[in-house]
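Remarks on the structure that follows.
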Amino acid sequence: MNKTKIEWADRTWNPVTGCRHGCEYCYARRIAERFGGGGTGLLLDAAQIAEGSIEIEEPVMREQKSGKLVKAAFPYGFIPTFHRYRLEEPAKMKRPQTIFVVSMGDLFGDWVPTSWIKDVFDACLAAPWHTYMFLTKNPHRYVVLDEMALLPHGDNFWYGTTVTGPNDTWRALEMPRGVHTFWSVEPMMGPVLFPLLPDYVIVGAETGNRKDKVVPEREWIELLSKFAKQSDTPVLWKDNIRKLYPDLPASAPMPGKS
Ligand code: SF4
C-alpha cells in the first residue's frame, strides 16, 4: 500500500492492476506503461498474457537502468494482473486508513474474474478497521455481485462510479442499493444533467497536458452545486477545481469521517 496525495484517501492499494476501458485521459495507463515491465516471458506464456488473466503469487523483479533490481509495480504493463501477494497488506497496516482500492485499474471490469474480486473483498473483511473506497466505470458489476451475496455491506465499504458528464450519467442508475455510494465526477468533462443520488460526490478537473484537455465550465459547477444543495449531498471540490473557481462553497467531509 502506498501513501497518496488523493484528497479523499490516505492510501492506495493495488492488488489488481490494469484496465481495458481505454479512456483517453487515463493517467494510470501512462504510469503503468512508463514504469512497467519485468514480467513478460518470466512467469507466463503468451497465451496467458493474451487472455488477460495474469495472476502472480510473488513479486516480479525489474532491472532499472542503473542495474539495480526493484519490485516491478506493473510487470505486465497495463494488462489486467492479480498481484496475489499484495492481499495481506491491509491486515498488516494496524492504524485505520481510508484506502482507495485499485487506483491503477478497474477491479469491476467485465474481464475481471469474480474469484479475484472475492479474494480482494475477503482481504478487506479481514482488516475491518479500515475504510475501503472502490471505484468503477462498470457499476452494474456491483449489482451482480450483490445478487450473488458477495458485495460487503459494512459501514466501512464505499462503492463509487465515475460520472464525468452527460455521456455517462447512465451509470448513476446502475448502482447497488443499501450500501454507501459515491460518484467521482473526475475528470469533469461536461455538465451532470441529473439530480444527485449518491451519499457523497467528489469533483475534480482533468490533470496532465493532454492536447484536448477539458477545463470545467462555471455553469457545470453551478448546476452540480444546485443539485447537491437540493438533495443535501456532501461534495468534495478537489483543489484543482477550487483553483479555477475560488468562490466555491466549502468542501464537505465524507459522511462518518471527521
Ligand atoms: S477506467 Fe480508469 S483505469 Fe481504466 S482506462 Fe479509464 S481511467 Fe484508466
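Some notes on this structure:
- Filtered residues of the range 141-152 (kept if of a type outside the set (Asp, Glu) and either more than 18 Å from Asp119 (Cβ to Cβ) or touching a strand residue (DSSP E or B) at 6+ places or on another chain (Cβ under 7 Å) (or both)): Tyr142, Val143
- Applying the criterion of being modelled with pLDDT of 95 or more and among the acidic types (Asp, Glu) to the residues of the range 105-151, the residue that is farthest from Pro80 (Cα to Cα) is Glu147.
- Test: residue in the range 77-98 that is within 16 Å of the ligand (Cβ to nearest atom), of a type in the set (Phe, Trp, Tyr) and more than 22 Å from Thr207 (Cβ to Cβ): yes
- Residue in the range 205-217 that is within 18 Å of the chain's Cα centre (by Cα), in a strand (DSSP E or B) and either of a type in the set (Ser, Thr, Tyr) or within 20 Å of Ile99 (Cα to Cα) (or both) present: no
- Close Cβ contacts (under 7 Å, 6 or more residues apart or on different chains) running from residues in the range 205-219 that are on the phi < 0 side of the Ramachandran plot to residues that are aromatic (Phe, Trp, Tyr) comprise Glu206/Tyr25; Thr207/Tyr27; Arg210/Tyr25; Arg218/Tyr245.
- Residues in the range 4-25 that are exposed (fewer than 15 other Cβ atoms within 10 Å of the Cβ) and away from the ligand (no atom under 15 Å from the Cβ): Lys5, Glu7.
- Only one of Trp111, Trp183, Trp158 that is within 18 Å of the chain's Cα centre (by Cα), within 15 Å of the ligand (Cβ to nearest atom) and touching a residue at least 40 places away in the same chain (Cβ under 8 Å): Trp111
- Condition met for Pro195 (in a loop (DSSP other than H, G, I, E, B), touching a strand residue (DSSP E or B) at 6+ places or on another chain (Cβ under 7 Å) and surrounded by fewer than 17 Cβ atoms within 10 Å (Cβ to Cβ)): no
- Residue check, Phe100 in contact with a helix residue (DSSP H, G or I) (Cβ under 6 Å, 6 or more places away or on another chain), modelled with pLDDT of 85 or more and of a type outside the set (S, T, N, Q): no
- Among the candidates Val120, Val70, residue that is outside any loop (DSSP other than H, G, I, E, B), of a type in the set (A, V, I, L, M) and within 18 Å of Phe35 (Cα to Cα): Val70
- Qualifying residue in the range 77-87 (condition: basic (Lys, Arg) and modelled with pLDDT of 85 or more): yes
- The residues of the range 127-146 that are surrounded by fewer than 19 Cβ atoms within 10 Å (Cβ to Cβ) and either touching a Pro at 6+ places or on another chain (Cβ under 9 Å) or closer than 21 Å to Met1 by Cβ (or both), listed by number, are Pro128, Trp129, Val143, Asp146.
- For Phe82, the criteria (1) in a strand (DSSP E or B); (2) surrounded by fewer than 13 Cβ atoms within 10 Å (Cβ to Cβ) hold in every case but one, which is (2).
- Selection status of Leu151, surrounded by 15 or more Cβ atoms within 10 Å (Cβ to Cβ), within 19 Å of the chain's Cα centre (by Cα) and not in a loop (DSSP other than H, G, I, E, B): no
- Selection count, the range 8-22, where residues are part of a loop (DSSP other than H, G, I, E, B) and over 11 Å from Phe100 (Cβ atoms): 5
The values are calculated or read from the model by the stated rules, or taken from the named source; none is laboratory data. Not measured: the values here are computed from a predicted model. Don't worry about glycine lacking a Cβ; one is built from the backbone with ideal geometry, like all the others, and counts go over all protein chains shown.
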